[in-house]
1. Kindly indicate whether any position in region 44-67 is aromatic (Phe, Trp, Tyr), at pLDDT 95 or above and out of contact with any Leu (no Cβ under 7 Å at 6 or more places or on another chain).
2. Condition test on LEU63, is it closer than 20 Å to PRO127 by Cβ, buried (at least 17 other Cβ atoms within 10 Å of the Cβ), among the hydrophobic types (A, V, I, L, M, F, W, C) and not assigned by TED's automatic domain parsing to the domain that holds ALA182?
3. For region 80-99, give me each residue that is surrounded by fewer than 17 Cβ atoms within 10 Å (Cβ to Cβ), at pLDDT below 70, in contact with a Lys or Arg (Cβ under 9 Å, 6 or more places away or on another chain) and assigned to a strand (DSSP E or B).
4. Which residue, of GLN69, GLN57, is among the polar types (S, T, N, Q), in contact with a strand residue (DSSP E or B) (Cβ under 8 Å, 6 or more places away or on another chain), surrounded by 12 or more Cβ atoms within 10 Å (Cβ to Cβ) and touching a residue at least 60 places away in the same chain (Cβ under 8 Å)?
5. Which residue is surrounded by the fewest Cβ atoms within 10 Å (Cβ to Cβ), if the candidates are limited to region 103-117 and must be within 19 Å of the chain's Cα centre (by Cα) and not in a strand (DSSP E or B)?
6. Determine which member of the set ALA182, ALA146, ALA166, ALA128 is under 18 Å from ASP45 (Cβ atoms), modelled with pLDDT of 85 or more and in contact with a His (Cβ under 6 Å, 6 or more places away or on another chain).
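The values are calculated or read from the model by the stated rules, or taken from the named source; none is laboratory data. All figures in this text were calculated on a predicted structure; none of them were measured in a lab. Every residue, glycine as well, gets a Cβ built from its backbone with ideal geometry; the counts of neighbours run over all protein chains shown.
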Amino acid sequence: MNSETDITIINQALVSLGSAPINSITNIKNDRERICATLYPPLKDQLLTIHPWSFSQDGWRQLAVDAGQPAKFGYTKAFKLPTDMLAGAHAVFDNSSGKVANLNYEHADNFIYCDFAECWVKYCKRPAVTILPAYFIGFLRTAAAALFAKPIADNTELGQEKHIEAYGQPAEQGRGGLFKLAREADARTKPIATLFRNGDPLSQTRR
């Protein structure tokens, strides 16, 4: 684990632009904090979803039925999705009787609506900042600096330099720079993949 917070990463980005640090993106008191609060969270989520980072992929997780949520779309159950889920579920399986890849469901309003006896999902999660590896923090910090350069430092040229540092030259189509280095570093940290990192949900039902 590291000692970083969203504010320390933001302030590192601002200092790299020659700009003063801010105090908060939740208790906003000035325009600079408002700009960071508007731009930084969606940027971080975007960078977490543009690549299957090892630290943001969860294994199969069984969902619980939410009895307080009315069922919709002609289905009988509403399963609550995890609160740390980013983007959409990568896969949704009906684990009753060993049935997998069942597509008879709807995903809406942070719920999976279906008739499954058991509902399992695999998804991209929003990890805590404290578990982000150094290679991703460096990429995120530089990408944030590129985004902040114009609205905060009023320096378009520096913003372009930071963008190239983060994503590479135009010919690399956003796949170079620190993003490329981070992907390579992440690949070296991945363990040998297994089909179900948290255990095979099918075998758990065959008792």
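1. Kept after step one, since they are aromatic (Phe, Trp, Tyr), are these residues of region 44-67: 53, 55, 60.
Restricting the remaining residues to those that are at pLDDT 95 or above gives none.
No, region 44-67 contains no residue that is aromatic (Phe, Trp, Tyr), at pLDDT 95 or above and out of contact with any Leu (no Cβ under 7 Å at 6 or more places or on another chain).
2. Numbers: closer than 20 Å to PRO127 by Cβ: yes; buried (at least 17 other Cβ atoms within 10 Å of the Cβ): yes; among the hydrophobic types (A, V, I, L, M, F, W, C): yes; not assigned by TED's automatic domain parsing to the domain that holds ALA182: yes.
It is true that LEU63 is closer than 20 Å to PRO127 by Cβ, buried (at least 17 other Cβ atoms within 10 Å of the Cβ), among the hydrophobic types (A, V, I, L, M, F, W, C) and not assigned by TED's automatic domain parsing to the domain that holds ALA182.
3. Passing the criteria: only HIS90.
4. Values: GLN69 fails: touching a residue at least 60 places away in the same chain (Cβ under 8 Å).
Within the list GLN69, GLN57, the selection yields GLN57.
5. Filtering region 103-117 for residues within 19 Å of the chain's Cα centre (by Cα) gives 107-111.
Pick out the ones that are also not in a strand (DSSP E or B) and you get 109-110.
Values: ASP109: 11, ASN110: 13.
Result: ASP109.
6. ALA146
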